[in-house]
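Readers should treat all values here as calculations from the given coordinates under stated rules, not as data from a laboratory. Keep in mind the model is a prediction, meaning the values are calculated, not measured. Here the Cβ positions follow ideal geometry from the backbone for every residue, glycine too, while neighbour counts run over all protein chains shown.
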Amino acid sequence: MKKTKKQVKKKVKKRSIKKIIKKVKERILTKEELIEKAKKPGEDALKLHPFYKGKIKITAKCAIRSFDDFAIWYTPGVAEPCKDIFKNPEKVWEHTNRSNLIAVLTDGTRVLGLGDIGPEASLPVMEGKALLFKYLGGVDAVPIAVRTKDPDKFIEICKLLEPSFGGYNLEDIAKPKCFYILDTLRKELDIPVWHDDQQGTAAVTLAGLINALKIVNKDPKKVKIAMIGAGASNIACLRVMVAYGFDPGNIVMCDTHGIIYKDRPDFEKHFPYTKDLVSKTNAEGRKAERIEDAIRIAMEDMDVVISYSKPGPDVIKKEWIQRMAKDPIVFVCANPVPEIWPWEAKEAGAKIVATGRSDFPNQINNSLGFPGIFRGTLDVNAKTITDEMCIAAAEELAKVAEDKGLREDYLIPTMDDWEVFPREAAAVGMKAIEQGVARIVMDRNSLYKKALETIKEARKEIQFLMKKGFIKKPPKTLIK
């Protein structure tokens, strides 16, 4: 019996679906395989860090045609720009690299998922951050690890170092002092101060959330959100989300002591610097003390869950996702293992899943934020980085992904979508100009071109150094 075109098409479709399922199954590793895969970067890092003895170094940016040029770059010629700056301190931005130089500052009290490991042990992370700043944003960054846990001493050190830098990136500082340090320095310094664990995470998370809500066709002003974890990342996400237009009353937060509500006995103790913001959440008055009960109750009937808590899996259960609202959005961002495996969240009915890992779709990655945001901030010589500048970056990130075509597995650009960085820089610079915090005023097109040229130059420089052997390739015996 001859098959109709409809039957043939149906058969082909079934075969295609089977092939897709087979490919997906091949791509999904077992828990043990994923754990082994997660170990590989660390094993390679232990071999390559000693090989290179660090990840950054200082190189010249001025021409040295002969030894005579040192009379210009150093004594006696250098006295003239010094005198010019003395007469007019603003000339420091013209005569030096300050306009493109930032410090990556830490006290080593909350390094990645390692906790309080001290300033020396934090340096590999700070150098890595500096490398990302350079390659992705064309920003020169100096790692500075400070030997003090006293927030006031840390603030004083930052104030004393200010004349050397065009901005500060605070990194891996424990809460609650990270809030106090950031807020104080933003008020008291005349250069932009940024805490990536706060503002960086918030900007990139907001970008992913904006697009996720577009896909499920839900209104940001009406959605109900559970936030698991109340550390620097989620508190900053809350602040920026509220500034964007989310209703804090529709947001329920959990920490290790249960669901958060303003009359909780330990509320003042745990939220001394953020109580005004956090007290506006949980208008329903949900309560629970045991952490498992708290997460389950916080997630019930919610449209979205955003989790920055402890590494999983099994921190979030499949059955809790099943009790969420229709087409739930699940952001599980703990590293190295998310609070629930993405495929388990999908099996439980999650419409969209995002994680902090690069080997799953929808990575919520701070590296998409800080290089472009600082590029735009420095290009207009801004005095600060406002929450509105973070929101402008988030909206542009979301727009880049939307321009490429939103999908359930593509909410946000990847680092390979490198045009995101100059676009983000232009958006941030324009917002700084609009808010009156920029020392330099340009149009959007000029900002974009400036950022594009700077970032291209940084990438070309590194690629040239590799090609010419100034940055050596690791031997095959060392790493595969």
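Taking the Cα-to-Cβ direction at F267 and at K287 and moving 7 Å from each Cα, how far apart do the two end points lie in nm?
1.1
In a Debye calculation with equal point scatterers on the alpha-carbon sites of segment 408-480 and no solvent, what is log10 I(q)/I(0) at q = 0.20 Å⁻¹?
-0.90
Here are some pairs, K47/K310; K57/K468; K326/K351; which of them have Cα atoms lying more than 19 Å apart in this structure? Spell out each step's value before the answer.
Numbers: K47/K310 28 Å; K57/K468 17 Å; K326/K351 8 Å.
Over 19 Å Cα-Cα: K47/K310.
Using only the Cα atoms of segment 96-191, what semi-axes does the equivalent ellipsoid have when each is the square root of 5 times a gyration tensor eigenvalue? Give whole Å, largest first. Show your work: numbers first, answer last.
Details: eigenvalues 79, 61, 21 Å².
Working from the Cα gyration tensor, I get semi-axes of 20, 18, 10 Å.
Against the globular-protein guess of 2.2 N^0.38 Å, express the Cα radius of gyration of segment 197-480 as a ratio, rounded to two decimals.
Working: Rg = 20.2 Å, N = 284, 2.2 N^0.38 = 18.8 Å.
Working it through for segment 197-480, the quotient is 1.07.
Got a sec? Which residues in segment 225-246 would a label at D314 touch, if it sits 7 Å along Cα→Cβ and we count backbone N under 17 Å?
In segment 225-246, the label zone of D314 (backbone N under 17 Å from the point 7 Å along Cα→Cβ) covers no residue.
For C82 paired with F470, estimate the spin-label separation in nm (one decimal), with each label point 7 Å from Cα along the Cα-to-Cβ line.
Distance between the two pseudo-spin positions: 2.8 nm.
From the Cα gyration tensor of segment 327-480, with a ≥ b ≥ c the square roots of its eigenvalues, which class applies: rounded if a/c is under 1.5, or else prolate if a/b is larger than b/c, or else oblate? All intermediate terms of the calculation are to be shown ahead of the outcome.
Values: a/c = 2.41, a/b = 1.18, b/c = 2.04.
Because a/c hits 1.5 or more and a/b fails to exceed b/c, segment 327-480 counts as oblate.
Relative contact order (percent) for the chain, with alpha-carbon contacts under 8 angstrom and 6 or more residues of separation?
On the way: 816 pairs, mean separation 64.0, N = 480.
The normalised contact order for the chain reaches 13 percent.
At 0.36 nm per residue, minus the direct Cα-Cα distance, what do D69 and D387 gain on full extension? Give it in nm, one decimal, please.
Values: separation 318, 0.36 × 318 = 114.48 nm, distance 4.45 nm.
Extending this stretch completely gives an extra 110.0 nm.
Roughly how tilted is helix 151-161, in degrees to the nearest 10 and between 0 and 90, from the longest Cα axis of the chain?
Computed tilt is about 40 degrees.
Please tell me the relative contact order of segment 96-191 in percent, rounded to the nearest whole number, where contacts are Cα pairs under 8 Å and at least six residues apart. Mind dumping the intermediate values first?
On the way: 147 pairs, mean separation 36.3, N = 96.
Relative contact order, segment 96-191: 38 percent.
Can you give the helix-only mean residue ellipticity at 222 nm for the chain, where every DSSP H stretch with n ≥ 4 adds -39500 (n - 2.57) and the sum goes over all residues, rounded to the nearest 500 deg cm²/dmol? Numbers along the way, then the final one.
Numbers: 19 runs with 230 residues, N = 480.
Counting only the DSSP helices, I get -15000 deg cm²/dmol.
Could you check what % of the DSSP bridge pairs in segment 197-480 are antiparallel, to the nearest 5? Present the calculation step by step, with values, prior to reporting the outcome.
Details: 4 of 21 bridges.
The antiparallel fraction comes to roughly 20 percent.
Compute the long axis of helix 420-435 from its Cα atoms, compare it with the longest principal axis of the Cα atoms of the chain, and write down the angle in degrees, 0 to 90, nearest 10.
Value to nearest ten degrees: 70.
Report for the chain the percent antiparallel among DSSP-assigned beta bridges with both residues inside it, nearest 5.
Numbers: 5 of 35 bridges.
Looking only at bridges with both residues in the chain, the antiparallel portion is about 15 percent.
Would you give the gap between the C-alpha center of segment 217-274 and the C-alpha center of segment 394-469, rounded to a whole Å?
Each part's Cα centre sits 30 Å from the other's.
Viscosity 0.890 mPa s, temperature 25 °C: Stokes-Einstein D of the chain from its Kirkwood Cα radius, in µm² per second?
Details: Rh = 24.2 Å.
Value of D from the Cα-based Kirkwood radius: 101 µm²/s.
Looking only at segment 389-403, which residues have a backbone nitrogen under 17 Å from a spot 7 Å from the Cα of W418 in the C-beta direction?
Flagged as within label range: none.
Just want the ordering: K40, K175, K280, from fewest to most Cβ atoms lying within 10 Å of their own Cβ.
Numbers: K40 11, K175 20, K280 15.
Placing the least packed residue first, the sequence is K40, K280, K175.
Listed here are the pairs K40/K473; K222/K287; K175/K317; K287/K346; which of them are more than 25 Å apart at the Cα? Show your work: numbers first, answer last.
Numbers: K40/K473 19 Å; K222/K287 21 Å; K175/K317 27 Å; K287/K346 27 Å.
Beyond 25 Å between Cα atoms: K175/K317; K287/K346.
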